[in-house]
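One structure below.
The values are calculated or read from the model by the stated rules, or taken from the named source; none is laboratory data. Since this is a predicted model, take the numbers as computed values, not measurements. When we count neighbours, we look across all protein chains shown, and the Cβ atoms used for this are built from the backbone with ideal geometry, even at glycine. These area figures cover heavy atoms from the full protein model, side chains too; ligands, DNA and RNA do not enter into them. Shrake-Rupley method; radii C 1.70, N 1.55, O 1.52, S 1.80 Å.
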Amino acid sequence: MDKDTEIFKGKSFSGIAKDLYSASKKKESQINLLISELKPFVQNIGDATIIVPLIKDYLEVSVKNDDQLAKLLAVVQRLIGNKDQGETDFGISEEEKQQLLDELTAIEEGNKKIDDKVKGINNGTHEGI
């Protein structure tokens, strides 16, 4: 199995890697846009104490997402290597599988919290802050 072998319908390892890179770059642009949109709301130190933690949380979630995507690619790469050697398992322990699932769940929860905060600011309600 090489990097161009279809892993699931219409997607190869190289295609997934490209998609993940594009998504990461898009997220970077979105964060920069969010920061530029929130700057006008910071008129005093009180505003900054509300807005800056939101930006910090959003950046942290983005970094964690990128880290998890890199781990996911490593798992897929292991699978490709194992297939080349005739193995059928992912080559990771049950504990490693559970860690990946736990981390993905935590990221999803973090993303939801951040999205709710951003929606609150965009709606002018400041919910969740």
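Which members of region 22-38 meet the condition of being among the hydroxyl-bearing types (S, T, Y) and surrounded by 13 or more Cβ atoms within 10 Å (Cβ to Cβ)? Hit for region 22-38 is S24, nothing else. Note on region 82-128: among residues that are in contact with a helix residue (DSSP H, G or I) (Cβ under 6 Å, 6 or more places away or on another chain) and open to solvent by 90 Å² or more (accessible area, probe 1.4 Å), the one that is modelled with the lowest pLDDT is E127.
Counting the residues of region 11-21 that are open to solvent by less than 60 Å² (accessible area, probe 1.4 Å) and outside any strand (DSSP E or B) gives 6.
For region 54-72, which residues satisfy the criterion of being open to solvent by less than 70 Å² (accessible area, probe 1.4 Å) and free of Cβ contacts under 8 Å to residues at least 60 places away in the same chain?
To start, the set of residues in region 54-72 that are open to solvent by less than 70 Å² (accessible area, probe 1.4 Å) comprises 54-55, 57-58, 61-62, 65-66, 68-70.
Those that are open to solvent by less than 70 Å² (accessible area, probe 1.4 Å) and free of Cβ contacts under 8 Å to residues at least 60 places away in the same chain: I55, V61, S62, N65, D66, Q68, L69, A70.
Of the residues making up region 4-35, just one is more than 21 Å from the chain's Cα centre (by Cα) and small (G, A, S), namely G10.
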